[in-house]
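So the structure is just underneath, and the comments pick up after that.
Coordinate-derived values only; no laboratory data. Computed from a predicted structure; not experimentally measured.
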Amino acid sequence: NVAEVQVLDAPMFVPRRPNPRVLAELPADVRALLPQSKGPVHKSVLTDLSIGGMKLEGCQHLSAEDTIEVTVRLGARPTGNDETISIMGRVVMAYASNRSKVDGSTDAHVSFIDGQEEALEIVHRFVAEQLKRRTPTL
């Protein structure tokens with residue numbers, strides 16, 4: 001059996017994510033949201049951010065589908081002052097961390113949950129400001 005393929009046009013790059021991500025190295029506190037309470041705080045590093053989600057490195061014991069709360073300080077105010085926000089998200093992918101030496105530590109890709117307009121607006125301003133300052137995005 002033989003198959004032939006004819007390429008009719010140049011290949012197109014289709015980005016996996018609809019929103020540009022900006023690089024960040026921001027300390028973050030991460031808590032799992034349990035049915036009746038919040039789990040303990042774990043330290044992590046927010047390594048990139050978009051208006052739709054973020055990547056966390058060095059989290060402890062996260063799995064896909066976990067709902068989490070992330071508290072992080074962003075320099076998003078027009079006055080230039082940092083602002084601390086807490087934002088909820090759902091873990092869409094988690095895997096063993098290369099960053100952390102702690103056993104059970106994971107890196108996680110997180111999608112923001114709708115309905116957090118104030119926090120999402122702060123994220124949007126932060127991302128827009130970072131995109132103005134530098135061009136590299138993921």
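Our estimate of slack between residue 61 and residue 41, defined as 0.36 nm per intervening residue step minus the Cα-Cα distance, is 6.0 nm.
Straight Cα distances below 17 angstrom link residue 43 to the aspartates and glutamates 25, 29, 57, 66, 69, 103, 107, with same-chain residues fewer than 8 positions distant left out. Were the residues from residue 90 through residue 117 laid out at 0.36 nm apart, the gain over their Cα-Cα distance would be 8.1 nm.
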